Amino acid sequence: MTKILLVEDDPLLVNIYTTFFRNKGLESVVAVNGSTALDKVKEYKPDIILLDLMMPKLGGLGVLEELNKAGNKVPVIIYTNLDSEEKQKEAMDKGATDFISKSHSDPQDVLDVINKHLPSV
């Protein structure tokens, strides 16, 4: 079963996405801030990470930096409302695999991007 780490601090989005993923037969775990996300990566060993940029304690760009230092090979998809080209370039330069704008996507769009980056089994 595919394991998704959802790093999101908005309770409404967490509810929408965890329910959607569960209904699609996917397992997800949630981290509500960047520092918890780093712990969950070690503990949970996700197949893919869906990462917001704006979060308490440690933002998404900081999480990307720490994951790179640790040699992370798990695909990281940025999912944010900070969708300027500058932020997108910065995230990709720091190791993000893809970038999705929250305001221009729905759960199925997000799942399509996730599936595009999952290792084939």
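A short reminder: the numbers here are calculations on the coordinates, not readings from a lab. Please read all numbers here as calculations on a predicted model, not as lab measurements. Positions of Cβ are backbone-derived with ideal geometry, glycine not excepted, and every protein chain shown enters the neighbour counts.
For region 83-117, residues that are in contact with a strand residue (DSSP E or B) (Cβ under 6 Å, 6 or more places away or on another chain) and outside any helix (DSSP H, G or I) total 6. Among the residues in region 72-84, are any surrounded by 13 or more Cβ atoms within 10 Å (Cβ to Cβ) and among the acidic types (Asp, Glu)? Yes, region 72-84 contains a residue that is surrounded by 13 or more Cβ atoms within 10 Å (Cβ to Cβ) and among the acidic types (Asp, Glu).
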